[in-house]
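The values are calculated or read from the model by the stated rules, or taken from the named source; none is laboratory data. This one's a predicted model, so the numbers in the text were calculated from it and none came from an experiment. Positions of Cβ are generated from backbone atoms using ideal geometry, with glycine treated the same way; all protein chains shown enter the neighbour counts.
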Amino acid sequence: MTRVFNFGAGPAMLPTSVMEKARDEFLDFRGMGAGLIEISHRCKEFDAVIDKTDALFKELSGIPDNYKILYVHGGAQMQFSAIPLNLLNLKPAHKAAYVDSGNFAMLARKEASRFGNVICAATSEATNYDRIPAFDPQALDADTSYVHITSNNTIFGTRWQQFPDTGSIPLVADMTSELLSRKLDYNQFGVIFAGLQKNLGPAGMALVLIREDLLGHALPYTPSLLDYSVYAKNHSLYNTNNTFAIYMMMLVLEWLKEQGGVDAIQVQNEKKAKLIYDAIDSTDFYIGSAHKDHRSVMNVTFNIAKPELTDTFVSEANKQGLYALKGHRLVGGIRASIYNAMPVEGCQKLVDFMKDFEKRNG
Ligand SMILES: Cc1ncc(COP(=O)(O)O)c(C=O)c1O
């Protein structure tokens with residue numbers, strides 16, 4: 001069997017060694033005579049899995065001890081509801097500011113506005129989200145409960161290079177498409193959340209990192225399974241959690257540690273992105289979609305100067321084992337999602353294909 005280089009935006013490729021380990025342990029988890037998905041979430045063997053996942057995440061991220069690590073149901077968009085439910089009540093005005101840097105940022109704002117007084121603090125909609133909008137945190141009202149940003153915009157291929165200083169107003173970041181891809185000072189954030197399906201594991205669950213003082217303020221009608229303090233008090237096991245997703249995340253973190261951790265993967269990620277951006281910038285045949293100063297290292301978006309060639313590009317690439325390169329319908333063109341698990345070799349193969357395609361069609 002040949003595995004393709006999977007450039008899909010998510011669910012995304014996982015390291016082959018992680019997939020093999022999960023396969024090898026699937027029927028018989030560490031001598032138990034049963035698979036991990038068949039055993040209780042309250043047994044000591046699963047306790048060891050969740051404890052190890054916590055410990056590896058702490059070690060790899062360097063997140064300070066005053067943050068809780070939560071495994072929350074429902075993927076990233078569920079957090080679009082959970083964030084306002086847990087944080088709007090921090091101040092009596094129930095006000096939140098959202099920076100609109102793309103489709104998911106817009107969806108997050110729309111969902112939050114069901115629960116409180118939500119303002120759009122900045123937007124780059126006018127340039128079809130080709131950049132992170134200019135945002136001045138000094139202009140925020142003091143009675144704002146929190147500020148929400150999307151640190152990496154998966155569809156448009158942009159990211160925040162530096163994060164805004166919101167002072168005493170907690171900064172909330174959707175890091176779904178980049179968590180653990182670069183070093184971070186976690187102290188800048190009140191809450192970070194990320195769907196697992198890019199850099200962490202399977203879809204359907206989110207990792208939530210929350211500063212402890214922000215727990216316990218949920219709006220009174222918050223459902224228990226959206227209340228972060230319920231997760232924090234019960235080590236994310238208030239009900240039957242997605243044990244398999246947590247186990248897969250543990251394997252991914254073990255793999256990341258073997259690669260040299262976040263420092264090493266950041267160097268590799270920058271190298272991968274540079275390979276593709278250099279190929280785009282070296283010709284007029286390809287046109288990068290994102291403003292150069294705002295480019296994502298995880299999602300590289302570009303167009304072909306002759307857009308009618310896009311489908312041929314995608315299908316020819318697919319035949320060469322370069323899978324899922326079609327851009328999102330809101331941007332069109334090509335998108336190469338190159339999360340942590342994508343090897344340099346995959347990006348080099350894409351660049352070789354791009355050059356050959358240009359030679360034949362330019
Ligand atoms: C930045 C970002 N936020 C939110 C989501 C939505 O994630 P989910 O499908 O897990 O709800 C995605 C999905 O790709 C994303 O890229």
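Any idea which of 179, 184, 207, 219 is outside any strand (DSSP E or B), of a type outside the set (Ser, Thr, Tyr) and out of contact with any Ser or Thr (no Cβ under 9 Å at 6 or more places or on another chain)? The conditions single out 219. Taking the listed residues 18, 99, the one that is in contact (Cβ under 8 Å) with a residue 24 or more places away in the chain and out of contact with any Ser or Thr (no Cβ under 9 Å at 6 or more places or on another chain) is 18, with no other qualifying. For the condition of a type in the set (A, V, I, L, M, F, W, C) and either without any contact (Cβ under 8 Å) to a residue 40 or more places away in the chain or not in a helix (DSSP H, G or I) (or both), residue 87 does not qualify. The criterion of being closer than 28 Å to residue 331 by Cβ, under 19 Å from the mean Cα position of the chain (by Cα) and more than 16 Å from the ligand (Cβ to nearest atom) does not hold for residue 54.
Restricting region 173-201 to residues that are over 11 Å from the mean Cα position of the chain (by Cα) and of a type outside the set (A, V, I, L, M, F, W, C), the residue that is surrounded by the most Cβ atoms within 10 Å (Cβ to Cβ) is 190.
Per the conditions (1) surrounded by fewer than 24 Cβ atoms within 10 Å (Cβ to Cβ); (2) on the phi < 0 side of the Ramachandran plot; (3) within 14 Å of the chain's Cα centre (by Cα), the sole criterion not satisfied by residue 204 is (2).
Rundown of residues vs (1) under 17 Å from residue 174 (Cα atoms); (2) crowded, with 23+ Cβ neighbours inside 10 Å, yes/no style:
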residue: 94; (1), (2): no, no
residue: 101; (1), (2): yes, yes
residue: 116; (1), (2): no, no
residue: 123; (1), (2): yes, no
residue: 131; (1), (2): yes, no
residue: 135; (1), (2): yes, no
residue: 150; (1), (2): yes, yes
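When region 26-51 is filtered for residues that are closer than 25 Å to residue 179 by Cβ and either assigned by TED's automatic domain parsing to the domain that holds residue 299 or not small (Gly, Ala, Ser) (or both), the ones remaining, listed by number, are 36, 37, 41, 46, 47, 49, 50, 51. Restricting 265, 246 to those that are modelled with pLDDT of 95 or more and either acidic (Asp, Glu) or not assigned by TED's automatic domain parsing to the domain that holds residue 56 (or both) reduces the list to 265.
Results for (1) touching a helix residue (DSSP H, G or I) at 6+ places or on another chain (Cβ under 7 Å); (2) among the polar types (S, T, N, Q), shown as yes or no for each residue.
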position	(1), (2)
158	yes, yes
166	yes, yes
187	no, yes
196	yes, no
206	yes, no
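In the set (1) part of a loop (DSSP other than H, G, I, E, B); (2) within 16 Å of the ligand (Cβ to nearest atom); (3) on the phi < 0 side of the Ramachandran plot, the condition left unmet by residue 10 is number (3). Against the test of being farther than 22 Å from residue 201 by Cβ, away from the ligand (no atom under 16 Å from the Cβ) and without any contact (Cβ under 8 Å) to a residue 40 or more places away in the chain, the options 134, 93 yield a single qualifying residue, 134. Residue check: is residue 126 aliphatic (A, V, I, L, M) and either free of Cβ contacts under 8 Å to residues at least 12 places away in the same chain or under 27 Å from residue 181 (Cβ atoms) (or both)? Judged against the criteria, residue 126 is a match. If the condition is being more than 15 Å from the ligand (Cβ to nearest atom) and hydroxyl-bearing (Ser, Thr, Tyr), then region 174-215 contributes only 186.
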